[in-house]
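**Student:** Below: one structure in structure tokens.
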Amino acid sequence: MTRFPIATRLALSAAGLLLVAATANAQTAQPMQPAPSAQTAPSSTTPSAPSSMQPSAPSSMEPSGQSSMHSSAQSSTDVRLHEADQSFITDGTKAVSTQRDAARIADSRSSDSQVKAFAERVVTDNAKISSAMRAASPRGVDVPNNDPNPTALDSIKDLRGDAFDKAYIEQVALSGEQKTLSVFQAEIASGRDQKLTSVARQALPILQAHYAEAQKLAARKHLSAQ
């Protein structure tokens, strides 16, 4: 079996995420075509009213407020997700956002060019993963656009130089990324929504590459590689 270089695998995974997001967006944007209504034979006495003007039910039988309540209840039922998929959306978006925002802090707080380069890759990749997760989520499901863990960010935002690099690598790039990997692996193993599990599979090798790079940074700085 041919083994591609890691850069090629990452490029393919990132391209796959963009394809998932584009496909989901296209499906969402496509208008639904109304089903053709059956033609009724014309009456010799009184013509039938056009179907668009005929109410589906007499208004006197169901108040408009009650109809609205029924619609809302039906909508909630339609977007109900399996527990594993809901956890993936909640925990996955928080983990990816935390890694992304911490990497943005690294750009201004770190004095190490290799740490900065690593952080730039994380920002770019995780932005694509977040977009793919939102695009793959069923319509009506709330997917946070920016929901990082404030405790993780607060622990590094006031540090600089070597002190920042140590905390960022150990607490975020290693320990935090391990948690992110667990969330995506759980969705692959237990998720029921095919689009969400597809995003998890596409993103997993990218996240694993982030973790491997963080281990190399830790070794270069004589930190615990976990």
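FYI, it's all coordinate maths here, none of it is from the lab. Values in this document were obtained by computation on a predicted structure and should not be read as measured data. Counting neighbours? That spans all protein chains shown, and the Cβs are built from the backbone with ideal geometry, glycine included.
**Student:** From the backbone phi of segment 203-208, what are the Karplus-calculated ³J(HN,Hα) couplings (6.51 cos²θ - 1.76 cosθ + 1.60, θ = phi - 60°) in whole Hz, Gly and Pro given as x?
**Tutor:** 3J(HN,Hα) across segment 203-208, in whole Hz: 7, 4, x, 5, 5, 5.
**Student:** Then there is this: Going by average Cβ density within 10 Å per residue, which order do the peptides 85-91, 107-113 take, highest to lowest? Present the calculation step by step, with values, prior to reporting the outcome.
**Tutor:** On the way: 85-91: 19.3, 107-113: 15.3.
By packing density, highest mean first, the sequence is 85-91, 107-113.
**Student:** Can you tell me the FRET efficiency between Gln114 and Gln171 if r is taken as the Cβ-Cβ distance and R0 is 22 Å, rounded to the nearest 0.05?
**Tutor:** Efficiency, from the Cβ-Cβ distance: 0.75.
**Student:** While we're looking at this one, here's another question. Sorted by average packing, counted as other Cβ atoms within 10 angstrom per residue and highest first, what order do 204-210, 218-224, 114-120 take?
**Tutor:** Highest mean packing first, the order is 204-210, 114-120, 218-224.
**Student:** Ranked highest first by average number of other Cβ atoms within 10 Å, how do 179-192, 162-175 line up?
**Tutor:** Top of the packing list down: 162-175, 179-192.
**Student:** Please list 3J(HN,Hα) in residue order for segment 185-195, calculated via the Karplus relation 6.51 cos²θ - 1.76 cosθ + 1.60 where θ = phi - 60°; whole Hz, with x for glycine and proline.
**Tutor:** With coefficients 6.51, -1.76 and 1.60, one gets 5, 5, 5, 4, 7, 10, x, 10, 7, 5, 5 Hz.
**Student:** Out of every Cα pair in segment 110-226, what percent are spaced more than 16 Å from each other?
**Tutor:** Roughly 64 percent, rounded to a whole number.
**Student:** Quick check of the Kirkwood formula: for segment 72-160, what is the inverse mean of 1/r over all pairs of different Cα atoms, in Å?
**Tutor:** The Cα-based Kirkwood calculation yields 14.4 Å.
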